[in-house]
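Enquirer: Pasting a structure below so you can have a look.
The values are calculated or read from the model by the stated rules, or taken from the named source; none is laboratory data. These numbers were taken from a predicted model, which means no experiment stands behind them. Here the Cβ positions follow ideal geometry from the backbone for every residue, glycine too, while neighbour counts run over all protein chains shown. Keep in mind that these areas ignore ligands, DNA and RNA; they rest on the heavy atoms of the full protein, side chains included. Shrake-Rupley method; radii C 1.70, N 1.55, O 1.52, S 1.80 Å.
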Amino acid sequence: MRTVKLLIDGQLVDGHKNTDVINPATGKMFMQIPLASENQALEAIAAAKRAFPAWAATKIEDRQAMLSKLADRLQENAEEFARVLVKEQGKPLAEAAAEVLYTEAFMRYFAAYDAGVETIQDDDDLQVEVYRKPLGVVVGIAPWNLPLLIGANKLGPALVTGNTVVLKPAPTTSATSLMLGELAKDIFPAGVINIIADENDLGAILSSHPDVAKVSFTGSTVTGRKVAGTAASSLKRLTLELGGNDAGIVLDDVDIGKIAERIFAGAFMNCGQVCIALKRLYVHESQYDEMCDTLATIANNAIVGDGLDNGVQIGPLQNIIQYKKAQKYLEAGARDGKIIAGGDVLNRQGYFVQPTIVRDIDDSSPLVSEEQFAPILPIIKYSDLDEVISRANDSEYGLGGSVWSSNVARAKRVATQISSGTVWINHHLHFSPHIPFSGAKQSGMGVEFSREGISEFTQCSVISVSK
C-alpha cells in the first residue's frame, strides 16, 4: 500500500494518527494518510516563519529554478500522480492526467514570473518606482474537486514571489498533495514549503494565526465567510475563490448540433464538481425542445463508472456527503420539473449518480437557484432576452457564465451584461494561467492566475524620489 507523510520544516514526518482515504468508486479504503495535530500545524507555521527571511532574500532566478525543478519532477511522476488522483478523487483517468498536466503547466508559468521594478514616472521632477515585496507566511487551503491543481496554484505564486507556505488540502483528497511534498522536500530549503493534512479541524488555527500574512482559500462560500472572519483579527490578505451557479444563455440563432456536446462537457466535467461548471441552462423557447432532446441523448449515452476503467466519461461523486446532497437535488428535479435523462443513483458500490437532465423547471427550484455541484443540469425555457439576462444575474453568485450564439457580436452584447468574473462565448469552463480569474458578488474576492493574480501575493511598495 502506498504511504505518504506530512512535510514540516524540510522533514517527512508522521501525524498524530492516521485516517483512511476512501476510493469514491468503491466506497472502500485504498490507503491511509497521516493527520497533523494542532502542535504540528503550529510547527509548520513556525518553520515557514523561520525560513521566510532567507527565502525572500534568495535571488528570483534561484526561486524560479526550484519551482521549475518541481514541475520537472511532477512530469517524471505524472502517471503515478494521475492514478492516485483517480482513486482519491474519482474522476476518469483522462481527466486526472489532464489535471496533472495542467498542474505542471501552471507551475512553469509561475516559475517564469519576475515582476522586476516598474518605473511609473521619470521626469524632471520625480522618479517613481514600484517594487513588489513578499508578504511572509502564506496559508493555502485547497478543495477536493481539483486538489492537486488548485493546491499548486497557491504554492507557485507564493513561492516565486518570495513567500513561504503552509498548504492544507481537503481531508478527503490529501494524498496527491502529500506526494507533491515528497518531491519538494529535496528541492526547496527547509520550511519554505510545508504540507499538512487534517480532519477539517485545523483551518481556523491556520487562518487566524498572527504569524500568517495571507490566506488563499478555495471552497464553498459558507466556509469562505468563516475564513474571512477568522482572518479579520489581524487584517490578513485574502484571496477567496468560492462557489458558483454559472448560467448559460443559449440565443435563438444557434446550431444545436454544433454546441450541444460542448454544453454537456461544460456542465458534466468532473461529474459536475467544478466551481465554474455550467449549472443552469437557459434556452429560447423556439429551440427548447430540440436542446432538451439532444442533451438527454448525450446524457443517456455517457459511460459512467470507475475512473480507472477504459472508456469511462463520468466517475463518481467524490464523497458521501456530496452524494447525499446530490440525491436531494434529484428529488428536487423530479418534484419541480421533468427528468428526461438519468434521475437516479447507480445500483452499485461507490457514489455514482446518473448524468441527469431536467426540463420544464423554473428559477424557484433549489436545483436552479442553488449550486448543486453534481451531474444534474436543469434546462429552463425563456422567451425574452432582457428578462433572461436579469434572471441569470439574479443570484448571489457571480463566478462564471456563458453565452451561446452563431453571431459573436450579438453574444458579446449579452456577455457584457452578465454579472460574473468570467463570461465565455460558445464555450464554458476554460481557464489558463495567463488569464485573470476572479469572482463577483459572493463568489469570492481577489484575483488568481496571471500577473494580476500573482501580484496579490506581494506588497506593493512605492519609492518616490524628488529631483
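Enquirer: Examine region 142-155 for a residue that is among the polar types (S, T, N, Q), in a helix (DSSP H, G or I), at negative phi and buried (at least 17 other Cβ atoms within 10 Å of the Cβ), and state whether such a residue exists.
Expert: To start, the set of residues in region 142-155 that are among the polar types (S, T, N, Q) comprises 145, 153.
Narrowing the set further to residues that are in a helix (DSSP H, G or I) leaves 153.
Now drop any that are not at negative phi, which leaves 153.
Narrowing further to those that are buried (at least 17 other Cβ atoms within 10 Å of the Cβ): 153.
The answer is yes, given that some residue of region 142-155 is among the polar types (S, T, N, Q), in a helix (DSSP H, G or I), at negative phi and buried (at least 17 other Cβ atoms within 10 Å of the Cβ).
Enquirer: Hey, another quick one. Take region 296-314 and flag every residue that is open to solvent by less than 10 Å² (accessible area, probe 1.4 Å) and touching a helix residue (DSSP H, G or I) at 6+ places or on another chain (Cβ under 6 Å).
Expert: 307, 314
Enquirer: Same structure, new question: Output the residues belonging to region 42-92 that are open to solvent by 10 Å² or more (accessible area, probe 1.4 Å), touching a Leu at 6+ places or on another chain (Cβ under 8 Å), farther than 28 Å from residue 134 by Cα and not charged (D, E, K, R).
Expert: 77, 78
Enquirer: Any idea how many residues of region 190-211 are touching a helix residue (DSSP H, G or I) at 6+ places or on another chain (Cβ under 6 Å), open to solvent by 10 Å² or more (accessible area, probe 1.4 Å) and closer than 25 Å to residue 55 by Cα?
Expert: Summing the residues that are touching a helix residue (DSSP H, G or I) at 6+ places or on another chain (Cβ under 6 Å), open to solvent by 10 Å² or more (accessible area, probe 1.4 Å) and closer than 25 Å to residue 55 by Cα in region 190-211 gives 5.
Enquirer: Could you check residue 427 against (1) open to solvent by less than 40 Å² (accessible area, probe 1.4 Å); (2) part of a loop (DSSP other than H, G, I, E, B); (3) within 25 Å of residue 359 (Cα to Cα) and say which number it fails?
Expert: (1)
Enquirer: Pick from 432, 420: which is open to solvent by 10 Å² or more (accessible area, probe 1.4 Å), touching an Asp or Glu at 6+ places or on another chain (Cβ under 9 Å) and in a loop (DSSP other than H, G, I, E, B)? Explain how you work it out, then say what you get.
Expert: On the way: 432 fails: touching an Asp or Glu at 6+ places or on another chain (Cβ under 9 Å).
Step by step, each of 432, 420 is checked, and only 420 is open to solvent by 10 Å² or more (accessible area, probe 1.4 Å), touching an Asp or Glu at 6+ places or on another chain (Cβ under 9 Å) and in a loop (DSSP other than H, G, I, E, B).
Enquirer: Under the condition of being open to solvent by 40 Å² or more (accessible area, probe 1.4 Å) and hydroxyl-bearing (Ser, Thr, Tyr), which residue from region 102-119 is nearest to residue 75 (Cα to Cα)?
Expert: Checked region 102-119; the qualifying residue nearest to residue 75 (Cα to Cα) is 102.
Enquirer: Taking the condition under 26 Å from the mean Cα position of the chain (by Cα), part of a loop (DSSP other than H, G, I, E, B) and either at pLDDT below 95 or over 22 Å from residue 261 (Cα atoms) (or both), does residue 318 pass?
Expert: Details: under 26 Å from the mean Cα position of the chain (by Cα): yes; part of a loop (DSSP other than H, G, I, E, B): yes; either at pLDDT below 95 or over 22 Å from residue 261 (Cα atoms) (or both): yes.
So residue 318 fits the description; yes.
Enquirer: Could you figure out which of (1) part of a loop (DSSP other than H, G, I, E, B); (2) among the aliphatic types (A, V, I, L, M); (3) open to solvent by less than 40 Å² (accessible area, probe 1.4 Å) isn't true of residue 165?
Expert: Exception for residue 165: condition (1).
Enquirer: Here's another thing I want to ask about it. Looking at 187, 195, which one is within 23 Å of residue 454 (Cβ to Cβ), touching a residue at least 12 places away in the same chain (Cβ under 8 Å) and in contact with a Ser or Thr (Cβ under 6 Å, 6 or more places away or on another chain)? Spell out the reasoning first.
Expert: Values: 187 fails: in contact with a Ser or Thr (Cβ under 6 Å, 6 or more places away or on another chain).
It is 195.
Enquirer: While we're on this one: Just the residues that are open to solvent by less than 10 Å² (accessible area, probe 1.4 Å) and assigned to a helix (DSSP H, G or I), please, taken from region 269-282.
Expert: Result: 270, 271, 272.
Enquirer: Taking the condition of being outside any loop (DSSP other than H, G, I, E, B) and touching a strand residue (DSSP E or B) at 6+ places or on another chain (Cβ under 8 Å), how many residues in region 398-417 meet it?
Expert: So the first thing to find is which residues in region 398-417 are outside any loop (DSSP other than H, G, I, E, B), and the list is 398, 400-404, 408-415.
Keeping just the survivors that are touching a strand residue (DSSP E or B) at 6+ places or on another chain (Cβ under 8 Å) gives 398, 400-404, 408, 411-412, 414-415.
Residues in region 398-417 being outside any loop (DSSP other than H, G, I, E, B) and touching a strand residue (DSSP E or B) at 6+ places or on another chain (Cβ under 8 Å): 11 in total.
Enquirer: Tell me which of these residue 230 doesn't satisfy, since it passes every other one: (1) under 23 Å from residue 375 (Cβ atoms); (2) modelled with pLDDT under 95; (3) of a type in the set (Ser, Thr, Tyr).
Expert: So the condition that residue 230 fails would be (1).
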